[in-house]
Amino acid sequence: MDLQSDLPPLCVTCGVCCTDAFFRYSCVTPEESARIHSLGFPVEREDGREIFSHPCTRLCGASCTVYEQRPATCREFRCTTLSALEEGAIDRPEADRRVSLLRAAVQAVRQLLPKEEKIWALRARLYADPAAAPQTRLALLSMDILADRYFKLKGRRFFS
Ligand code: SF4
Ligand code: SF4
């Protein structure tokens, strides 16, 4: 029996790139605009593009509730851990270990946040004020170091 193929896709156990931890939004391509609108995504216009904000409203826990119909930008996204797993450079237990570390690090940051503040907004706030919230800054830094090591997107600025 192939145990790996019996496991859910890695992203269905993670979902961190759909939260407010990395990205402020995802883009909707013009080709997919009608389909994404019909799925009820809260699409907005920004700088001439269509986007939907993060945390994505289609995320429930760690899972995408429209996984089979998810937008192309989501389907095409690969963090370095997902790429490494697909390329056979790491096995599933190692990928699961990394996801577990990342989710714990995100949770550590979230516990220190005002309820309404997004992590991407916190990052901007703390960069703008180096003296603010040292404990929160440490938790965020730990999360960002982990993300940079295991979850960044090659050749692209990860946080937006
Ligand atoms: S951070 Fe990586 S493993 Fe997690 S949901 Fe995004 S692409 Fe998948
Ligand atoms: S549609 Fe699904 S995969 Fe895309 S950001 Fe939302 S929860 Fe994540």
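Below is a table of values for the structure above.
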| item | result |
| --- | --- |
| Residues that are free of Cβ contacts under 8 Å to residues at least 40 places away in the same chain, among the hydroxyl-bearing types (Ser, Thr, Tyr) and touching an Asp or Glu at 6+ places or on another chain (Cβ under 8 Å), drawn from the stretch 1-53 | Ser33, Ser53 |
| Failed item in (1) more than 10 Å from ligand 2 (Cβ to nearest atom); (2) charged (D, E, K, R); (3) surrounded by 14 or more Cβ atoms within 10 Å (Cβ to Cβ); (4) at pLDDT 95 or above, with Arg58 passing the rest | (1) |
| Filter result (in contact with a strand residue (DSSP E or B) (Cβ under 9 Å, 6 or more places away or on another chain), more than 16 Å from ligand 1 (Cβ to nearest atom) and hydroxyl-bearing (Ser, Thr, Tyr)) within the stretch 1-59 | Thr29, Ser33, Ser53 |
| Residue that is modelled with the lowest pLDDT [pool: residues in the stretch 96-125 that are more than 16 Å from ligand 2 (Cβ to nearest atom) and in a loop (DSSP other than H, G, I, E, B)] | Lys115 |
| Given (1) within 13 Å of ligand 1 (Cβ to nearest atom); (2) modelled with pLDDT under 95; (3) of a type in the set (Lys, Arg), number of the condition Arg92 does not satisfy | (2) |
| Verdict on Thr81 being touching a strand residue (DSSP E or B) at 6+ places or on another chain (Cβ under 8 Å), near ligand 1 (Cβ under 10 Å from one of its atoms) and either closer than 22 Å to Asp144 by Cα or of a type in the set (Gly, Ala, Ser) (or both) | no |
| Subset of the stretch 61-74 that is within 13 Å of the chain's Cα centre (by Cα) and outside any loop (DSSP other than H, G, I, E, B) - its residue that is farthest from ligand 1 (Cβ to nearest atom) | Thr73 |
| Test: residue in the stretch 9-31 that is over 16 Å from the mean Cα position of the chain (by Cα) and on the phi > 0 side of the Ramachandran plot | no |
| Residue within the stretch 100-120 that is within 15 Å of ligand 1 (Cβ to nearest atom) and among the charged types (D, E, K, R) present | yes |
| Test: residue in the stretch 87-95 that is under 16 Å from Leu146 (Cα atoms), assigned to a helix (DSSP H, G or I) and in contact with a Ser or Thr (Cβ under 7 Å, 6 or more places away or on another chain) | yes |
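The values are calculated or read from the model by the stated rules, or taken from the named source; none is laboratory data. Bear in mind the structure is a predicted one, so any value in this text is a computation, not a measurement. Cβ coordinates were reconstructed from backbone atoms using ideal geometry, including for glycine residues, and neighbour counts include every protein chain displayed.
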